[in-house]
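Worksheet: one structure, shown below.
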Amino acid sequence: MNDFSQRIAQLSPAQLQELRQRLKRRETAPANSEANITARPQRSNVTPQSFAQRRLWILDKLQPGNPAYNIPQPMRFRGQLDVNVFARVLNEIVRRHESLRTRFSSTNEGPVQIVEPFSQFALPLVDLTHLPQDEREQAARKLGNQDAQQPFDLSQAPLWRAQLLRLAEEDHVLLFT
């Protein structure tokens, strides 16, 4: 007798009945049960803030427009870059991740996070190739510093920004804050 048969033989009558019911439900389930696995649960788009979100919200109420908590993340891409494909990938990431579509608001119950429906993000492309080569890096740093100092309005989604800088045909910098 194999291990599986032994385990079934050790089930109580109630457990055996539950197993039969589950197997019967599985037989009658639609063939495309994968849709059931990947479907997101239906829930409200308004939920209480996490502790970290509430902390940032309070700090923003104390000092509106303070960019001290901005997290700039410049990323360099060397080699061929299809800007349209890159923008579509970024949009797909935003579509899949609710945190990238979240904003904060106040209600009678206190501060909440609100997940906005997905809408296409247009990735701005700043072409710096018209500048002399030695000035491109300097211009990219300046744009990155300016972007990092721009405050966010926490009541407006998204709570991130991105722009792509083209320094050369095969040299790009993504400014992500």
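The values are calculated or read from the model by the stated rules, or taken from the named source; none is laboratory data. Treat the numbers as computed from the prediction; the structure is a model and nothing was measured. When we count neighbours, we look across all protein chains shown, and the Cβ atoms used for this are built from the backbone with ideal geometry, even at glycine. Quick note on the areas: whole protein, heavy atoms, side chains included, nothing else; ligands and nucleic acids left out. Shrake-Rupley method; radii C 1.70, N 1.55, O 1.52, S 1.80 Å.
So which residues in region 56-76 are touching a strand residue (DSSP E or B) at 6+ places or on another chain (Cβ under 6 Å) and exposed (fewer than 14 other Cβ atoms within 10 Å of the Cβ), if there are any at all?
Filtering region 56-76 down to residues touching a strand residue (DSSP E or B) at 6+ places or on another chain (Cβ under 6 Å) leaves 57, 73-76.
Listed by number, the residues that qualify are Gln73, Met75, Arg76.
Mind checking which strands (runs of 3 or more DSSP E) fall wholly inside region 73-168 and carry at least 3 residues that are touching a residue at least 12 places away in the same chain (Cβ under 8 Å), closer than 29 Å to Ile58 by Cβ and hydroxyl-bearing (Ser, Thr, Tyr)?
Numbers: elements: 73-78, 102-107, 110-115, 125-127, 162-168.
In region 73-168, 102-107 are the strands (runs of 3 or more DSSP E) which contain 3 or more residues that are touching a residue at least 12 places away in the same chain (Cβ under 8 Å), closer than 29 Å to Ile58 by Cβ and hydroxyl-bearing (Ser, Thr, Tyr).
Condition test on Gln73, is it of a type in the set (S, T, N, Q), at pLDDT 95 or above, more than 14 Å from the chain's Cα centre (by Cα) and under 28 Å from Leu174 (Cβ atoms)? Lay out the reasoning, then the answer.
Numbers: of a type in the set (S, T, N, Q): yes; at pLDDT 95 or above: yes; more than 14 Å from the chain's Cα centre (by Cα): yes; under 28 Å from Leu174 (Cβ atoms): yes.
It is true that Gln73 is of a type in the set (S, T, N, Q), at pLDDT 95 or above, more than 14 Å from the chain's Cα centre (by Cα) and under 28 Å from Leu174 (Cβ atoms).
Filter region 148-157 down to residues that are closer than 14 Å to Arg103 by Cα and open to solvent by less than 50 Å² (accessible area, probe 1.4 Å), then give me how many there are.
Total satisfying the criteria: 4.
Considering only region 43-53, I want to know if a residue exists there that is in contact (Cβ under 8 Å) with a residue 12 or more places away in the chain, surrounded by 13 or more Cβ atoms within 10 Å (Cβ to Cβ) and closer than 30 Å to Asp127 by Cβ.
no
Looking at Asp60, is it at pLDDT 95 or above, on the phi < 0 side of the Ramachandran plot and charged (D, E, K, R)?
On the way: at pLDDT 95 or above: no; on the phi < 0 side of the Ramachandran plot: yes; charged (D, E, K, R): yes.
Criteria not met by Asp60.
Please go through region 50-72 and give me each residue that is part of a helix (DSSP H, G or I) and among the polar types (S, T, N, Q), ordered by number. Walk me through how you get there before you give the answer.
Taking region 50-72 first, the residues part of a helix (DSSP H, G or I) are 51-62, 67-69.
Once the filter is applied, which keeps residues that are part of a helix (DSSP H, G or I) and among the polar types (S, T, N, Q), region 50-72 yields only Gln53.
Checking the conditions here, which among Asn108, Asn145 is open to solvent by 40 Å² or more (accessible area, probe 1.4 Å), over 22 Å from Asn45 (Cα atoms) and of a type in the set (S, T, N, Q)?
Values: Asn108 fails: over 22 Å from Asn45 (Cα atoms).
Exactly one of Asn108, Asn145 is open to solvent by 40 Å² or more (accessible area, probe 1.4 Å), over 22 Å from Asn45 (Cα atoms) and of a type in the set (S, T, N, Q), namely Asn145.
Hey, does region 120-141 have a residue that's farther than 16 Å from Gln73 by Cα, of a type in the set (Gly, Ala, Ser) and surrounded by 17 or more Cβ atoms within 10 Å (Cβ to Cβ)?
No, region 120-141 has no match at all.
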